[in-house]
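Taking it in order: structure first as structure tokens, then the write-up.
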Amino acid sequence: MDGNAVMKGNAMKKYFYFIIATLLMATAAGAADSQIWGEARVTNILGYGKEGSSHLGPLFTMLQANYFKIIFFGILIGVPLAFAVHYLIIGAKTFSHDGKKIYVFSVFNRFIHQVAALSFIILVPTGFMMIFGTELGGGELIRTAKNLHGLATIAFAIVVIPMFLMWVKDSLFKFEDIKWMMIVGGYLSKKKKPIPAGKFNAGQKIWYWIATLGGMVMIISGAFMYFMDFDIAILRNMTNMSQIDLLRLSAIVHNVMGFAIVAMFITHVYMSVFAIKGSIHSMITGNKEEEEVQILHSSFYKKLKEQGKL
Ligand code: HEM
């Protein structure tokens, strides 16, 4: 290599270092005003390398990088696909709408249920928008989704306890629920044979527990993430976890519970809107068709008859 080439090489190196230094300074200047280093800095969160900062770090990073998105994608595509196949092969259950109506849901029941339904109609798509935020281009759209997700959570948080209380008695498991599960509620057959179930069948009971208790877990873990900088000394002392680990744990719990809630919510909507024709009317009028109750909730029907309530 001649002297000229060496000088050129040195100049290139200096230029390269100059560019890197400029980029670093620009980043630092930008970050000084950002959420991480600016006034909104999360003061409770330990930096990397500090004692207690990284216990759940590797687990969280591994799950977040490799599993959460792909599982949500699988649920979003797989669950509706499975039901589309069910609809095409077995089809909807249709009951006479000309017969007697049985009043099952009070005005209060319906109001609470409708607010929960409305909140989920916002929570689920906006949750997916955040999960696939990068693919959707990020920015204002995803920030709006995040804010709507937060607002809809408030509506759900208001109704989740009344919903828990109003349906808890009908959602306790009984022996007949095992029988229901063994025949998958009769949904794998086209026949109209009386199915062992009370006011709610085993599938509905499972949804009830996931929607209410699981819903509460979602609210709490979501709130932890939303108010990142909260400082609950009792919680830290009880769990002996650092703030960053509490946030990682919240994110893991929110995602895993989210899998179950979203899969069950899609199932719930499929059942109410497609699998049982006209079933959705009950959440609006409070009435169910007599034949539907007689077949799909046979022990509830028997009980109503015995009590002379029909
Ligand atoms: C668009 C959304 C929704 C629709 C169309 C819908 C529809 C229905 C219908 C038709 C029923 C009566 C089923 C029957 O007894 O045969 C029902 C019951 C119920 N819904 Fe919903 N619902 C929706 C959202 C929700 C949400 C968001 C929750 C809770 C977070 C929820 C919780 C329940 C529970 C616990 C029951 C009683 C047990 C059961 O049927 O599974 N629903 N829903």
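The values are calculated or read from the model by the stated rules, or taken from the named source; none is laboratory data. Quick caveat: nothing in here was measured; it's all calculated off a predicted structure. We place every Cβ from the backbone using ideal geometry, glycine too, and count neighbours over all the protein chains shown.
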**Prompt:** Out of the stretch 210-254, which residues are surrounded by 18 or more Cβ atoms within 10 Å (Cβ to Cβ) and assigned to a loop (DSSP other than H, G, I, E, B)?
**Reply:** S242
**Complete:** Note: among A197, A152, just one is within 13 Å of the ligand (Cβ to nearest atom) and assigned to a loop (DSSP other than H, G, I, E, B), namely A197
**Asked** Got a sec? Which of I131, I158, I183, I178 is under 22 Å from M257 (Cα atoms), out of contact with any Phe, Trp or Tyr (no Cβ under 9 Å at 6 or more places or on another chain) and among the β-branched types (V, I, T)?
**Response** I158
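Quick one: is I244 near the ligand (Cβ under 8 Å from one of its atoms) and over 20 Å from M130 (Cα atoms)?
When the stated conditions are applied, I244 does not pass them.
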**Fill in**
Output for Cβ contacts, cut-off 8 Å, separation at least six or different chains, first residue free of Cβ contacts under 8 Å to residues at least 60 places away in the same chain in the stretch 166-187, second loosely packed, with under 13 Cβ neighbours inside 10 Å and of a type in the set (F, W, Y), reads M166/F108
**Message:** So in the stretch 277-295, with the set limited to residues that are within 7 Å of the ligand (Cβ to nearest atom) and buried (at least 18 other Cβ atoms within 10 Å of the Cβ), which one is nearest to T94 (Cα to Cα)?
**Reply:** S279
**Request:** Would you point out the residue of the stretch 93-148, among those that are of a type in the set (S, T, N, Q) and not in a loop (DSSP other than H, G, I, E, B), that is farthest from the ligand (Cβ to nearest atom)?
**Result:** T144
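Can you tell me which residue among K205, K179, K174 is charged (D, E, K, R), in the same structural domain as T94 (by TED's automatic domain parsing) and part of a loop (DSSP other than H, G, I, E, B)? Can you show your working first?
Values: K205 fails: part of a loop (DSSP other than H, G, I, E, B); K179 fails: part of a loop (DSSP other than H, G, I, E, B).
Result: K174 is the single residue among K205, K179, K174 that is charged (D, E, K, R), in the same structural domain as T94 (by TED's automatic domain parsing) and part of a loop (DSSP other than H, G, I, E, B).
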